[in-house]
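Worksheet: one structure, shown below.
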Amino acid sequence: MYKQYTPSLILSRLRLIVGVFLVTSLVVILRLFYWQIIAGQSLAALAASQHQAQVEIPASRGRIIDRNGLILAASVPAPSLWAIPKDFDADKNQRRALAKWLAMTPKELDARLDDNPNFVWLRRQVDEPVAREVLALGLKGIHQVREYKRKYPEGEAAAHVVGFTNVEDRGQEGIELAFQKDLAGRDGTRRVIKDRLGRVVEDIGDSVMPVDGRDIELSIDSK
């Protein structure tokens, strides 16, 4: 025996189906609106902040000269090499070549890379040719940053007066220590966006330029 469907019953069921469809569509639309409009900006800001970084622009340390203008101490550009070990990728021959340019054994290189998965210094303040050869290897996870290395043209002749700096370019003895603040200057900064490999892909905002240290002229004659 077949059930009779009256027009009113059919209409009510159609209304129910249409109502369920409309409610479901409304829920989907509201969720899309939330994620794309309301939460979209905050999520985008969060993603951007995770890749933003403040990079220092090192100032050049001032010179130390004698009363005749002879340079006793000066800073020269010296790139420093660093790595993200978890991104590092090289075959045996490439590792051997890298170790050679860094003046270490392959075993020492492996130990250095095992020290921290996110950041390790490979060699601080190397000569420009060394940095070029290392970067020419094209190894993933290897980067460089500009630093300065202190040079003393007169060597030991004025060392007892001039003093010296450490690898961080801070005075440790003599004039280098006594006039640290004047010689050091003030580093600048720049806001950048980095990719997951630590490479700068974009500058954002205004940069603060470094203020180089001032020269210190001594009253002595080093000759």
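The table for this structure:
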{"item": "GluC sites (Glu not before Pro) restricted to DSSP loop in the range 130-181 with at most 10 other C-beta within 10 Å", "result": "168"}
{"item": "Computed E for residue 96/residue 76 - FRET, C-beta separation, R0 25 angstrom, nearest 0.05", "result": "0.25"}
{"item": "Residue-span extension gain [residue 128 to residue 145] - 0.36 nm each, minus C-alpha spacing", "result": "5.0 nm"}
{"item": "Estimated FRET transfer efficiency when R0 is 25 angstrom, pair residue 167-residue 204 (beta carbons, to 0.05)", "result": "0.25"}
{"item": "Sparsely packed trypsin sites (Lys or Arg not before Pro) within the range 102-146, loop by DSSP, other Cβ within 10 Å at most 15", "result": "124, 146"}
{"item": "Label zone at residue 178 (point 7 Å along Cα-to-Cβ), backbone N below 13 Å, the range 56-87", "result": "65"}
{"item": "Projected label distance in nm at residue 120 and residue 31, using a 7 Å step from Cα toward the beta-carbon", "result": "4.6 nm"}
{"item": "FRET efficiency estimate (nearest 0.05) - Cβ-Cβ, residue 159 to residue 103, R0 22 angstrom", "result": "0.35"}
{"item": "Across 92/140; 86/149; 100/149; 107/151; 86/151, pairs whose alpha-carbon gap is larger than 25 Å", "result": "86/149; 107/151; 86/151"}
{"item": "Extension gain (nm, one decimal) between residue 20 and residue 56, 0.36 nm per residue minus Cα-Cα", "result": "7.1 nm"}
{"item": "The range 71-223 shape via C-alpha gyration tensor axes, a/c threshold 1.5", "result": "oblate"}
{"item": "Three-way shape call for the range 104-163 based on the alpha-carbon gyration tensor, with the a/c threshold at 1.5", "result": "prolate"}
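Taken together, the values in this text are just the output of simple stated rules run on the coordinates, not laboratory data. Predicted model, so just to flag it, every value in this text is computed and none were measured. So basically every Cβ, Gly included, is an ideal-geometry build from the backbone, and we count neighbours across all protein chains shown.
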